[in-house]
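K.L.:
Before anything else, here's the structure in question.
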Amino acid sequence: MGLRKAASLGAVQTVASMLIGFASIKITSIYLGPTGIGILSQLQNFIAIALGIVVSGMSTGVIRLTAEYGDDGAKRRALIATLLRVLLFVGLPLALIIFFAAPWVAQSLLYNADLASAVRIFGVCYLFGLLGGFLVGLANGAKDYLAVTLINIGNATGGLILFALLCPSYGVPGALAAAGLMPVLSAVLGLVMSRGKRWLPIRPWQGEFSREALGRVSAFIPMAATTAVMMPLLQVLVRDLLAEHTGMASVGLVQGIWRLSDIYLGIITSTLSMYYLPRFAEIKGTRELRHEIARALLIVVPLVVGLSGAIYLLRDLIIQLLFTRKFLPMSDLFGWMMLGNVLKMTSWVFGYVLVARGSPFVVMGAELFYAVCFLVLSQYLVPLFGAEGLVGAYAAAYLAYLCVVVVLSHRVVTRTSDCAPD
(Lines give C-alpha, C1' and ligand atoms only; values in the text may rest on other atoms or scores of the structure.)
Protein backbone atom coordinates (compact mmCIF):
# COMPACT_ATOMS: atom_id res chain seq x y z
CA MET A 1 0.00 0.00 0.00
CA GLY A 2 1.43 3.39 -1.00
CA LEU A 3 1.90 6.50 1.12
CA ARG A 4 -1.03 8.27 -0.54
CA LYS A 5 -3.47 5.51 0.33
CA ALA A 6 -2.07 5.23 3.86
CA ALA A 7 -2.51 8.99 4.28
CA SER A 8 -6.08 8.77 2.96
CA LEU A 9 -6.92 6.04 5.45
CA GLY A 10 -5.33 8.14 8.19
CA ALA A 11 -7.55 11.07 7.23
CA VAL A 12 -10.64 8.85 7.31
CA GLN A 13 -9.66 7.58 10.74
CA THR A 14 -9.06 11.12 11.98
CA VAL A 15 -12.46 12.40 10.83
CA ALA A 16 -14.26 9.34 12.22
CA SER A 17 -12.44 9.60 15.55
CA MET A 18 -13.27 13.30 15.77
CA LEU A 19 -17.00 12.75 15.22
CA ILE A 20 -17.08 9.80 17.61
CA GLY A 21 -15.09 11.82 20.16
CA PHE A 22 -17.60 14.68 20.05
CA ALA A 23 -20.49 12.24 20.51
CA SER A 24 -18.69 10.56 23.42
CA ILE A 25 -18.09 13.92 25.11
CA LYS A 26 -21.79 14.77 24.84
CA ILE A 27 -23.02 11.43 26.20
CA THR A 28 -20.65 11.33 29.15
CA SER A 29 -21.18 14.98 30.04
CA ILE A 30 -24.97 14.50 30.14
CA TYR A 31 -25.04 11.32 32.22
CA LEU A 32 -21.89 11.66 34.33
CA GLY A 33 -21.40 15.38 34.92
CA PRO A 34 -18.02 16.91 35.81
CA THR A 35 -17.46 14.64 38.83
CA GLY A 36 -18.24 11.46 36.90
CA ILE A 37 -15.99 12.43 34.00
CA GLY A 38 -13.19 13.08 36.48
CA ILE A 39 -13.59 9.58 37.96
CA LEU A 40 -13.83 7.96 34.52
CA SER A 41 -10.65 9.69 33.36
CA GLN A 42 -8.74 8.28 36.32
CA LEU A 43 -9.73 4.71 35.43
CA GLN A 44 -9.00 5.24 31.72
CA ASN A 45 -5.49 6.45 32.53
CA PHE A 46 -4.95 3.49 34.86
CA ILE A 47 -5.97 1.18 32.00
CA ALA A 48 -3.58 2.98 29.64
CA ILE A 49 -0.73 2.58 32.13
CA ALA A 50 -1.43 -1.11 32.84
CA LEU A 51 -1.60 -1.98 29.14
CA GLY A 52 1.17 0.38 28.07
CA ILE A 53 3.74 -1.21 30.38
CA VAL A 54 3.56 -4.42 28.35
CA VAL A 55 2.09 -3.52 24.96
CA SER A 56 3.93 -0.33 23.96
CA GLY A 57 7.46 -1.66 23.68
CA MET A 58 6.33 -5.04 22.40
CA SER A 59 4.17 -3.39 19.74
CA THR A 60 7.09 -1.24 18.59
CA GLY A 61 9.29 -4.33 18.32
CA VAL A 62 6.58 -6.28 16.50
CA ILE A 63 6.13 -3.50 13.95
CA ARG A 64 9.87 -3.26 13.37
CA LEU A 65 10.56 -7.01 13.10
CA THR A 66 7.42 -7.87 11.11
CA ALA A 67 8.41 -5.30 8.52
CA GLU A 68 12.01 -6.52 8.57
CA TYR A 69 11.17 -10.22 8.19
CA GLY A 70 8.87 -9.53 5.26
CA ASP A 71 8.09 -12.79 3.47
CA ASP A 72 10.28 -14.93 5.76
CA GLY A 73 7.41 -17.03 7.12
CA ALA A 74 9.54 -19.11 9.51
CA LYS A 75 10.90 -16.06 11.34
CA ARG A 76 7.48 -14.42 11.51
CA ARG A 77 5.89 -17.57 12.94
CA ALA A 78 8.63 -17.84 15.54
CA LEU A 79 8.21 -14.18 16.47
CA ILE A 80 4.44 -14.49 16.85
CA ALA A 81 4.56 -17.75 18.82
CA THR A 82 7.28 -16.41 21.12
CA LEU A 83 5.49 -13.17 21.94
CA LEU A 84 2.12 -14.83 22.47
CA ARG A 85 3.73 -17.04 25.13
CA VAL A 86 5.41 -14.03 26.70
CA LEU A 87 2.11 -12.13 26.77
CA LEU A 88 0.48 -15.02 28.62
CA PHE A 89 3.44 -15.48 30.98
CA VAL A 90 3.59 -11.79 31.89
CA GLY A 91 -0.05 -10.82 31.45
CA LEU A 92 -1.71 -13.50 33.58
CA PRO A 93 0.06 -12.53 36.85
CA LEU A 94 -0.62 -8.84 36.16
CA ALA A 95 -4.30 -9.58 35.50
CA LEU A 96 -4.54 -11.42 38.82
CA ILE A 97 -2.83 -8.56 40.64
CA ILE A 98 -5.27 -6.03 39.14
CA PHE A 99 -8.24 -8.24 40.03
CA PHE A 100 -7.32 -8.82 43.66
CA ALA A 101 -5.99 -5.29 44.24
CA ALA A 102 -9.20 -3.77 42.84
CA PRO A 103 -10.48 -2.35 46.18
CA TRP A 104 -7.16 -0.59 46.81
CA VAL A 105 -7.01 0.74 43.23
CA ALA A 106 -10.61 1.97 43.44
CA GLN A 107 -10.01 3.75 46.73
CA SER A 108 -6.68 5.26 45.64
CA LEU A 109 -7.63 6.37 42.13
CA LEU A 110 -11.43 6.61 42.11
CA TYR A 111 -11.77 7.65 45.77
CA ASN A 112 -14.47 5.05 46.32
CA ALA A 113 -13.78 1.38 47.16
CA ASP A 114 -17.37 0.55 46.14
CA LEU A 115 -16.30 1.04 42.51
CA ALA A 116 -13.87 -1.89 42.73
CA SER A 117 -16.10 -4.02 40.48
CA ALA A 118 -15.12 -1.90 37.46
CA VAL A 119 -11.44 -2.47 38.20
CA ARG A 120 -12.13 -6.21 38.52
CA ILE A 121 -13.85 -6.16 35.12
CA PHE A 122 -10.68 -4.68 33.65
CA GLY A 123 -8.59 -7.32 35.43
CA VAL A 124 -10.65 -10.06 33.80
CA CYS A 125 -10.30 -8.37 30.40
CA TYR A 126 -6.63 -7.46 30.75
CA LEU A 127 -5.23 -10.29 28.61
CA PHE A 128 -7.64 -9.36 25.84
CA GLY A 129 -6.17 -5.85 25.80
CA LEU A 130 -2.67 -7.26 25.42
CA LEU A 131 -3.81 -9.47 22.55
CA GLY A 132 -5.56 -6.58 20.82
CA GLY A 133 -2.47 -4.38 20.99
CA PHE A 134 -0.31 -7.24 19.72
CA LEU A 135 -2.58 -7.83 16.70
CA VAL A 136 -2.58 -4.13 15.79
CA GLY A 137 1.22 -4.21 15.92
CA LEU A 138 1.30 -7.19 13.57
CA ALA A 139 -1.05 -5.53 11.10
CA ASN A 140 0.94 -2.30 11.24
CA GLY A 141 4.24 -4.10 10.70
CA ALA A 142 2.75 -5.91 7.71
CA LYS A 143 1.62 -2.52 6.33
CA ASP A 144 -2.01 -3.61 6.40
CA TYR A 145 -3.14 -0.05 7.03
CA LEU A 146 -6.73 -0.83 6.11
CA ALA A 147 -6.94 -3.38 8.94
CA VAL A 148 -5.35 -0.94 11.40
CA THR A 149 -7.77 1.80 10.38
CA LEU A 150 -10.82 -0.44 10.67
CA ILE A 151 -9.69 -1.75 14.07
CA ASN A 152 -9.17 1.76 15.42
CA ILE A 153 -12.47 3.07 14.07
CA GLY A 154 -14.20 -0.08 15.33
CA ASN A 155 -12.74 0.41 18.79
CA ALA A 156 -13.93 4.00 18.92
CA THR A 157 -17.40 3.10 17.61
CA GLY A 158 -17.78 0.11 19.93
CA GLY A 159 -16.68 2.20 22.89
CA LEU A 160 -19.26 4.83 22.03
CA ILE A 161 -21.98 2.16 21.85
CA LEU A 162 -20.93 0.72 25.22
CA PHE A 163 -21.06 4.14 26.87
CA ALA A 164 -24.40 4.94 25.19
CA LEU A 165 -25.88 1.66 26.51
CA LEU A 166 -24.48 1.70 30.05
CA CYS A 167 -24.28 5.37 31.04
CA PRO A 168 -28.01 6.25 30.88
CA SER A 169 -29.04 3.31 33.07
CA TYR A 170 -26.10 2.96 35.45
CA GLY A 171 -24.36 6.34 35.47
CA VAL A 172 -20.77 6.38 36.69
CA PRO A 173 -20.57 2.61 37.47
CA GLY A 174 -21.84 1.90 33.96
CA ALA A 175 -19.25 4.19 32.38
CA LEU A 176 -16.48 2.54 34.39
CA ALA A 177 -17.71 -0.91 33.37
CA ALA A 178 -17.70 0.18 29.71
CA ALA A 179 -14.08 1.33 30.07
CA GLY A 180 -13.14 -1.99 31.68
CA LEU A 181 -14.76 -3.95 28.84
CA MET A 182 -12.98 -2.08 26.05
CA PRO A 183 -9.99 -4.49 25.92
CA VAL A 184 -12.33 -7.32 24.88
CA LEU A 185 -13.58 -5.21 22.01
CA SER A 186 -10.04 -4.50 20.78
CA ALA A 187 -9.14 -8.22 20.84
CA VAL A 188 -12.32 -9.28 19.03
CA LEU A 189 -11.83 -6.66 16.32
CA GLY A 190 -8.18 -7.67 15.93
CA LEU A 191 -9.10 -11.35 15.55
CA VAL A 192 -11.85 -10.58 13.04
CA MET A 193 -9.59 -8.38 10.92
CA SER A 194 -6.76 -10.95 11.01
CA ARG A 195 -8.84 -13.80 9.56
CA GLY A 196 -7.34 -14.97 6.31
CA LYS A 197 -4.45 -12.51 6.47
CA ARG A 198 -0.92 -13.64 5.64
CA TRP A 199 0.57 -11.80 8.62
CA LEU A 200 -1.17 -14.10 11.14
CA PRO A 201 -0.74 -17.90 10.84
CA ILE A 202 -3.77 -20.15 11.28
CA ARG A 203 -2.32 -21.57 14.52
CA PRO A 204 -0.16 -18.67 15.69
CA TRP A 205 0.88 -20.31 18.98
CA GLN A 206 2.38 -23.34 17.20
CA GLY A 207 5.85 -22.08 16.47
CA GLU A 208 9.33 -22.33 17.88
CA PHE A 209 10.39 -20.17 20.79
CA SER A 210 12.93 -17.64 19.47
CA ARG A 211 15.37 -16.17 21.99
CA GLU A 212 16.73 -13.94 19.24
CA ALA A 213 13.30 -12.41 18.51
CA LEU A 214 12.54 -12.01 22.22
CA GLY A 215 15.87 -10.27 22.81
CA ARG A 216 15.36 -7.85 19.95
CA VAL A 217 11.80 -7.00 20.98
CA SER A 218 12.86 -6.58 24.62
CA ALA A 219 15.29 -3.85 23.58
CA PHE A 220 12.33 -1.65 22.60
CA ILE A 221 10.38 -2.14 25.83
CA PRO A 222 12.04 0.20 28.39
CA MET A 223 12.00 3.34 26.27
CA ALA A 224 8.63 2.77 24.61
CA ALA A 225 7.01 1.78 27.91
CA THR A 226 8.41 4.88 29.61
CA THR A 227 6.97 7.13 26.91
CA ALA A 228 3.60 5.34 26.85
CA VAL A 229 3.20 5.28 30.63
CA MET A 230 4.60 8.70 31.47
CA MET A 231 1.76 10.88 30.16
CA PRO A 232 -1.14 8.82 31.61
CA LEU A 233 0.72 8.60 34.93
CA LEU A 234 1.37 12.35 34.88
CA GLN A 235 -2.31 13.03 34.28
CA VAL A 236 -3.27 10.72 37.15
CA LEU A 237 -0.88 12.54 39.50
CA VAL A 238 -1.97 16.07 38.61
CA ARG A 239 -5.66 15.12 38.69
CA ASP A 240 -5.15 13.54 42.08
CA LEU A 241 -3.54 16.78 43.25
CA LEU A 242 -6.45 18.83 41.89
CA ALA A 243 -9.04 16.51 43.44
CA GLU A 244 -7.30 16.82 46.81
CA HIS A 245 -7.58 20.61 46.78
CA THR A 246 -10.80 21.36 44.87
CA GLY A 247 -12.74 18.10 44.43
CA MET A 248 -13.57 15.78 41.53
CA ALA A 249 -15.90 18.29 39.86
CA SER A 250 -12.88 20.47 39.01
CA VAL A 251 -11.09 17.38 37.72
CA GLY A 252 -14.01 16.78 35.35
CA LEU A 253 -13.85 20.36 34.06
CA VAL A 254 -10.14 20.04 33.31
CA GLN A 255 -10.65 16.62 31.73
CA GLY A 256 -13.39 18.06 29.52
CA ILE A 257 -11.14 20.75 28.09
CA TRP A 258 -8.29 18.24 27.72
CA ARG A 259 -10.53 15.94 25.68
CA LEU A 260 -11.59 18.83 23.46
CA SER A 261 -7.94 19.80 22.96
CA ASP A 262 -6.94 16.22 22.16
CA ILE A 263 -9.53 16.08 19.40
CA TYR A 264 -8.61 19.22 17.51
CA LEU A 265 -4.85 18.93 18.08
CA GLY A 266 -5.07 15.29 16.99
CA ILE A 267 -6.41 16.40 13.62
CA ILE A 268 -3.36 18.62 13.09
CA THR A 269 -0.74 16.13 14.26
CA SER A 270 -2.18 13.11 12.45
CA THR A 271 -2.39 15.06 9.20
CA LEU A 272 1.10 16.60 9.31
CA SER A 273 3.13 13.88 11.05
CA MET A 274 2.79 11.52 8.10
CA TYR A 275 4.81 14.00 6.04
CA TYR A 276 7.21 15.64 8.45
CA LEU A 277 8.63 12.62 10.28
CA PRO A 278 10.02 10.95 7.13
CA ARG A 279 10.84 14.35 5.62
CA PHE A 280 13.00 15.44 8.56
CA ALA A 281 14.66 12.02 8.55
CA GLU A 282 15.67 12.07 4.88
CA ILE A 283 17.23 15.55 4.69
CA LYS A 284 21.03 15.56 4.43
CA GLY A 285 22.15 19.21 4.52
CA THR A 286 21.72 21.81 7.25
CA ARG A 287 20.38 24.53 4.96
CA GLU A 288 17.60 22.30 3.68
CA LEU A 289 16.75 21.12 7.18
CA ARG A 290 16.53 24.69 8.50
CA HIS A 291 14.31 25.60 5.55
CA GLU A 292 12.00 22.64 6.21
CA ILE A 293 11.72 23.50 9.92
CA ALA A 294 10.85 27.10 9.07
CA ARG A 295 8.30 25.90 6.52
CA ALA A 296 6.70 23.60 9.08
CA LEU A 297 6.49 26.43 11.62
CA LEU A 298 4.84 28.70 9.04
CA ILE A 299 2.16 26.05 8.52
CA VAL A 300 1.64 24.70 12.04
CA VAL A 301 1.83 27.84 14.17
CA PRO A 302 -0.71 30.00 12.25
CA LEU A 303 -3.01 27.00 11.95
CA VAL A 304 -3.04 26.20 15.67
CA VAL A 305 -3.20 29.90 16.62
CA GLY A 306 -6.23 30.37 14.38
CA LEU A 307 -8.04 27.27 15.64
CA SER A 308 -7.21 27.96 19.29
CA GLY A 309 -8.27 31.60 18.96
CA ALA A 310 -11.57 30.63 17.36
CA ILE A 311 -12.24 28.05 20.08
CA TYR A 312 -11.46 30.62 22.77
CA LEU A 313 -13.86 33.19 21.28
CA LEU A 314 -16.62 30.57 20.83
CA ARG A 315 -15.94 28.77 24.12
CA ASP A 316 -19.34 29.36 25.73
CA LEU A 317 -21.18 28.14 22.61
CA ILE A 318 -18.88 25.11 22.37
CA ILE A 319 -19.49 24.21 26.02
CA GLN A 320 -23.27 24.30 25.52
CA LEU A 321 -23.09 22.27 22.29
CA LEU A 322 -20.63 19.57 23.37
CA PHE A 323 -21.18 19.52 27.12
CA THR A 324 -23.96 20.74 29.41
CA ARG A 325 -24.58 23.85 31.49
CA LYS A 326 -22.86 22.15 34.43
CA PHE A 327 -19.61 22.63 32.52
CA LEU A 328 -19.96 26.41 32.06
CA PRO A 329 -17.27 27.10 34.73
CA MET A 330 -14.89 25.49 32.24
CA SER A 331 -15.00 28.78 30.32
CA ASP A 332 -12.44 30.26 32.75
CA LEU A 333 -9.90 27.59 31.77
CA PHE A 334 -9.83 28.20 28.02
CA GLY A 335 -7.34 31.07 27.99
CA TRP A 336 -4.42 29.22 29.58
CA MET A 337 -5.35 25.96 27.84
CA MET A 338 -5.38 27.48 24.36
CA LEU A 339 -2.05 29.21 25.04
CA GLY A 340 -0.62 25.89 26.20
CA ASN A 341 -1.90 24.20 23.04
CA VAL A 342 -0.15 26.77 20.83
CA LEU A 343 3.12 26.23 22.73
CA LYS A 344 2.62 22.47 22.56
CA MET A 345 2.19 22.40 18.80
CA THR A 346 5.09 24.79 18.24
CA SER A 347 7.32 22.49 20.29
CA TRP A 348 5.87 19.57 18.29
CA VAL A 349 7.76 20.73 15.21
CA PHE A 350 11.11 20.77 17.01
CA GLY A 351 10.24 17.54 18.83
CA TYR A 352 9.75 15.80 15.50
CA VAL A 353 13.21 16.93 14.43
CA LEU A 354 14.56 15.16 17.52
CA VAL A 355 12.48 12.03 16.86
CA ALA A 356 13.62 11.89 13.24
CA ARG A 357 17.28 12.78 13.73
CA GLY A 358 18.21 12.77 17.40
CA SER A 359 18.98 10.08 19.95
CA PRO A 360 15.95 8.28 21.43
CA PHE A 361 17.40 8.95 24.88
CA VAL A 362 17.44 12.68 24.11
CA VAL A 363 13.78 12.52 23.12
CA MET A 364 12.88 10.62 26.28
CA GLY A 365 14.90 13.06 28.39
CA ALA A 366 13.05 16.04 26.91
CA GLU A 367 9.68 14.42 27.58
CA LEU A 368 10.73 13.61 31.13
CA PHE A 369 11.78 17.26 31.59
CA TYR A 370 8.29 18.38 30.53
CA ALA A 371 6.63 15.90 32.89
CA VAL A 372 8.72 17.06 35.87
CA CYS A 373 8.03 20.73 35.05
CA PHE A 374 4.29 20.14 34.78
CA LEU A 375 4.16 18.20 38.04
CA VAL A 376 6.29 20.68 40.02
CA LEU A 377 4.41 23.72 38.69
CA SER A 378 1.08 22.02 39.41
CA GLN A 379 2.06 21.36 43.01
CA TYR A 380 2.76 25.07 43.41
CA LEU A 381 -0.12 26.60 41.42
CA VAL A 382 -3.03 24.22 42.13
CA PRO A 383 -3.20 25.01 45.88
CA LEU A 384 -3.27 28.73 44.99
CA PHE A 385 -5.56 28.81 41.94
CA GLY A 386 -7.26 25.42 41.67
CA ALA A 387 -8.17 24.27 38.14
CA GLU A 388 -6.91 27.53 36.60
CA GLY A 389 -3.58 26.85 38.27
CA LEU A 390 -3.42 23.42 36.66
CA VAL A 391 -3.99 24.70 33.11
CA GLY A 392 -1.57 27.55 33.85
CA ALA A 393 1.02 24.96 34.84
CA TYR A 394 0.28 23.13 31.57
CA ALA A 395 1.05 26.27 29.54
CA ALA A 396 4.16 27.16 31.55
CA ALA A 397 5.53 23.61 31.31
CA TYR A 398 5.15 23.63 27.53
CA LEU A 399 6.93 27.00 27.37
CA ALA A 400 9.88 25.49 29.23
CA TYR A 401 9.71 22.36 27.03
CA LEU A 402 9.69 24.52 23.89
CA CYS A 403 12.90 26.26 25.01
CA VAL A 404 14.57 22.89 25.62
CA VAL A 405 13.61 21.29 22.29
CA VAL A 406 14.64 24.43 20.37
CA VAL A 407 18.14 24.18 21.89
CA LEU A 408 18.35 20.42 21.34
CA SER A 409 17.11 20.62 17.75
CA HIS A 410 19.63 23.38 17.04
CA ARG A 411 22.37 20.95 18.08
CA VAL A 412 20.87 18.33 15.77
CA VAL A 413 20.91 20.81 12.87
CA THR A 414 24.52 21.68 13.64
CA ARG A 415 25.44 17.99 13.68
CA THR A 416 23.74 17.62 10.32
CA SER A 417 25.96 20.40 9.02
CA ASP A 418 29.06 18.62 10.31
CA CYS A 419 28.04 15.33 8.71
CA ALA A 420 26.77 16.65 5.39
CA PRO A 421 27.68 20.27 4.79
CA ASP A 422 26.06 22.21 1.99
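The values are calculated or read from the model by the stated rules, or taken from the named source; none is laboratory data. Note that this is a predicted model, so its numbers are computed, not measured. Cβ placement follows ideal geometry from the backbone for every residue including glycine, while neighbour counts extend to all protein chains displayed. Surface areas here come from the heavy atoms of the whole protein model, side chains and all, with no ligands, DNA or RNA. Shrake-Rupley method; radii C 1.70, N 1.55, O 1.52, S 1.80 Å.
K.L.:
With the contact rule set at Cα under 8 Å and sequence spacing of 6 or more, what percent relative contact order holds for the chain?
P.N.:
The value is 23 percent.
K.L.:
Still on this structure, I have one more. When only the heavy atoms of the protein chains count and the probe is 1.4 Å, how do TRP258, TRP205 rank by accessible area, highest first?
P.N.:
I get TRP205, TRP258, largest accessible area first.
K.L.:
With the dipole of the chain worked out from charges on the C-beta (+1 for Lys and Arg, -1 for Asp and Glu) around the Cα centre, which of ILE283, ALA175, PHE122 lies farthest toward the positive end?
P.N.:
ILE283
K.L.:
Let me spell out the model: positive unit charges on the Cβ of Lys and Arg, negative unit charges on the Cβ of Asp and Glu, origin at the Cα centre of the range 291-422. What dipole size does that give, in debye rounded to 20?
P.N.:
Once rounded to the nearest 20, the dipole reads 160 debye.
K.L.:
Accessible area per residue for the range 191-308 in Å², computed with a 1.4 Å probe and the full protein assembly in place, what is it?
P.N.:
Solvent-accessible surface per residue comes out at 52 Å².
K.L.:
Same structure again: So, by mean Cβ neighbours within 10 angstrom, what's the order for 164-172, 128-136, 185-193 with the highest one leading?
P.N.:
Going by the mean number of other Cβ atoms within 10 Å, highest first, we get 128-136, 185-193, 164-172.
K.L.:
Of TYR380, TYR370, which has the most accessible area and how do the rest follow, probe 1.4 Å?
P.N.:
TYR380, TYR370
K.L.:
If I ignore ligands, DNA and RNA and count only protein heavy atoms, how much of ASP262 is accessible to a 1.4 Å probe, in Å² to the nearest 10?
P.N.:
90 Å²
K.L.:
Please give the charge dipole size of the chain, origin at the Cα centre, charges +1 on K and R Cβ atoms and -1 on D and E Cβ atoms. Round to the nearest 20 debye.
P.N.:
I would put it at about 940 debye.
K.L.:
Could you sort HIS245, HIS291 by accessible area so the largest value comes first, with the probe set to 1.4 Å?
P.N.:
Highest to lowest solvent-accessible surface, that is HIS291, HIS245.
K.L.:
Turning to a different aspect of this structure: Could you tell me which of ALA23, LEU135, ILE202 has its Cα farthest along the dipole of the chain towards the positive end, charges placed at Cβ (Lys, Arg +1; Asp, Glu -1), taken about the Cα centre?
P.N.:
ILE202
K.L.:
On to the next question. Cα gyration tensor of the chain, axes a ≥ b ≥ c as square roots of the eigenvalues: rounded (a/c below 1.5), prolate (a/b > b/c) or oblate?
P.N.:
Oblate.
K.L.:
Using only helices, what value at 222 nm comes out for the chain when you add -39,500 (n - 2.57) per DSSP H run of length 4 or more and divide by the total residues, to the nearest 500 deg cm²/dmol?
P.N.:
Helices in the chain give a 222 nm mean residue ellipticity of -31000 deg cm²/dmol.
K.L.:
Kindly write out, for the range 152-168 in residue order, the coupling ³J(HN,Hα) from the Karplus curve 6.51 cos²θ - 1.76 cosθ + 1.60 (θ = phi - 60°), rounded to whole Hz, with x marking Gly and Pro.
P.N.:
3J(HN,Hα) across the range 152-168, in whole Hz: 5, 5, x, 4, 5, 5, x, x, 4, 5, 4, 5, 5, 7, 9, 5, x.
K.L.:
Just name one of ASN112, TRP336, ALA187: the one whose Cα is farthest towards the positive end of the charge dipole of the chain (beta-carbon charges, Lys/Arg +1, Asp/Glu -1).
P.N.:
ALA187
K.L.:
Suppose R0 equals 60 Å. What FRET efficiency, 1/(1 + (r/R0)^6) with r the Cβ-Cβ distance, do ALA113 and ARG415 give to the nearest 0.05?
P.N.:
Plugging the Cβ-Cβ distance into 1/(1 + (r/R0)^6) gives 0.65.
K.L.:
While we're on this one: Considering only protein heavy atoms and a probe of 1.4 Å, how much of the accessible area of the chain is carbon and sulfur, as a whole percent?
P.N.:
Carbon plus sulfur share of accessible area: 67 percent.
K.L.:
Run the 1.4 Å probe and let me know the accessible area of SER24, rounded to the nearest 10 Å².
P.N.:
Probe radius 1.4 Å; accessible area of SER24 about 20 Å².
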